[in-house]
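Notes for the one structure printed next.
The values are calculated or read from the model by the stated rules, or taken from the named source; none is laboratory data. Only a predicted model underlies this, so the values are computations on that prediction, with no experimental measurement involved. Cβ placement follows ideal geometry from the backbone for every residue including glycine, while neighbour counts extend to all protein chains displayed.
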Amino acid sequence: MDYRQYRRARRLVHECCNYDGGNCIALDDGEECVCVQSISYSLLCRWFRAAVLPLDKELETALLYRLDAKRCAVCGALFRPGSNRAKYCPDCAVTMKRIRAAARKRKQRAKCHALGAEKAL
């Protein structure tokens, strides 16, 4: 994990339900224990990986699915493709689908109107 990823994970630590003022409730055995994710550059806590890390999809992909990850052609974010043909992240895929559909319909209407103009002559 590089420094930027560490800082993003550090911000996510506060979203963990076991985090209490810098300490981890899950590791508490009578003495206060510092949250492992807040002081380490590695993902050691299973709860953090399973419940908190999915809140930041790009960070999760960069850390857990490095070999499967692709970059979005529009925004450049890392994402896990659902198929070999995937080119866009889920957010950009919706936008690009609408753009392509509009272009396809525009082309279809232009052909239809062009034919209608010839028949009128």
Go through the residues of region 52-68 one by one and say whether even a single one is at pLDDT below 85 and either among the small types (Gly, Ala, Ser) or more than 25 Å from Met1 (Cβ to Cβ) (or both).
yes
State yes or no: is Ser38 touching a residue at least 40 places away in the same chain (Cβ under 8 Å), over 19 Å from the mean Cα position of the chain (by Cα) and within 30 Å of Tyr6 (Cβ to Cβ)?
no
Tell me the residue from Ala62, Ala73, Ala86 that is touching a residue at least 24 places away in the same chain (Cβ under 8 Å), out of contact with any Asp or Glu (no Cβ under 8 Å at 6 or more places or on another chain) and surrounded by 11 or more Cβ atoms within 10 Å (Cβ to Cβ), please.
Ala62
Looking at (1) of a type outside the set (A, V, I, L, M, F, W, C); (2) assigned to a helix (DSSP H, G or I); (3) farther than 18 Å from His14 by Cβ; (4) out of contact with any Lys or Arg (no Cβ under 9 Å at 6 or more places or on another chain), which is the only condition Thr61 fails?
(4)
Please indicate, with yes or no, whether at least one residue in region 42-54 is touching a residue at least 12 places away in the same chain (Cβ under 8 Å), surrounded by 16 or more Cβ atoms within 10 Å (Cβ to Cβ) and touching an Asp or Glu at 6+ places or on another chain (Cβ under 8 Å).
yes
Condition first: at negative phi, in contact with a Lys or Arg (Cβ under 6 Å, 6 or more places away or on another chain), modelled with pLDDT under 85 and surrounded by fewer than 12 Cβ atoms within 10 Å (Cβ to Cβ). Can you find one or more residues in region 33-40 that meet it?
no
